[in-house]
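The values are calculated or read from the model by the stated rules, or taken from the named source; none is laboratory data. Because the structure is predicted, anything quoted here is derived from the model rather than measured. Backbone-built Cβ (ideal geometry, glycine too); neighbour counts: all protein chains shown.
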Amino acid sequence: MEKLLITKNGLKKLSEELNYLKTTKRKEIAKRIEEAKEYGDISESSEYEDAKNEQALIESRIAEINSMIRNSKLIFGSRDKNRVGYGSEVEVKINNLKKKFKIVGLAESDPKNGLISCNSPIAKAFLGLKKGDPAEVKAPNRILRYRILNVK
């Protein structure tokens, strides 16, 4: 299996979610199941069925997170702080607009909030560039042209 690239912060968030699911959510679901059983015939109980379905979803997510953590590889910011690397924060200019991105692992990407996967076309175009460099990204109908304004 290919390693999942992830930042230290992303790994921390996954670990926190895993802990929450194992401690808090499991207990909540177990309580819901017990309460549903107290009402009698569980074969026709929608509360029981809903709780069991949620339990299955939570257990599936726990297994998924465990696998992600087991197969993760930490990525760190570029050793060269002047060049874009994994974990870098990049300020760019596109069509006279300034945008900020942080290059993160796939598991923590959130493009709406500027967290772009290191596997994305945009991140791949930025990797290795420095302040002032141009970058081109092929989009379905056009080519997007960026200029690197700053790298942190």
*Taking the stretch 64-74 only, how many residues are in a helix (DSSP H, G or I) and either aromatic (F, W, Y) or more than 13 Å from E17 (Cβ to Cβ) (or both)?*
2
_Long-range neighbours under 7 Å by Cβ, at least six apart or interchain, first residue assigned by TED's automatic domain parsing to the domain that holds S67 within the stretch 12-28, second modelled with pLDDT of 95 or more and among the basic types (K, R)_ = L21/R61
_Please pick out the residue among E49, E59 that is farther than 30 Å from G85 by Cβ, assigned to a helix (DSSP H, G or I), acidic (D, E) and modelled with pLDDT under 90._
E49
*Residue in the stretch 103-133 that is farthest from L14 (Cα to Cα), counting only those that are assigned to a strand (DSSP E or B) and not aliphatic (A, V, I, L, M)*: K130
*Identify, from the list R70, R83, R147, the residue that is assigned by TED's automatic domain parsing to the domain that holds L18 and either in contact with a strand residue (DSSP E or B) (Cβ under 9 Å, 6 or more places away or on another chain) or of a type outside the set (S, T, Y) (or both).*
R70
*Select from the stretch 58-68 the residues that are without any contact (Cβ under 8 Å) to a residue 40 or more places away in the chain and surrounded by 13 or more Cβ atoms within 10 Å (Cβ to Cβ) and list them in ascending order.*
I58, E59, E64
*asked:* Restricting to the stretch 12-57, give me the number of residues that are basic (K, R), surrounded by 11 or more Cβ atoms within 10 Å (Cβ to Cβ) and under 28 Å from the mean Cα position of the chain (by Cα).
replied: 6
*Are there any pairs with C-beta distances below 7 angstrom linking a residue in the stretch 85-106 that is closer than 12 Å to S117 by Cβ to a residue that is modelled with pLDDT under 90 and surrounded by fewer than 14 Cβ atoms within 10 Å (Cβ to Cβ), with the two at least 6 apart or on different chains, and if so which?*
Y86/F76; L106/N119
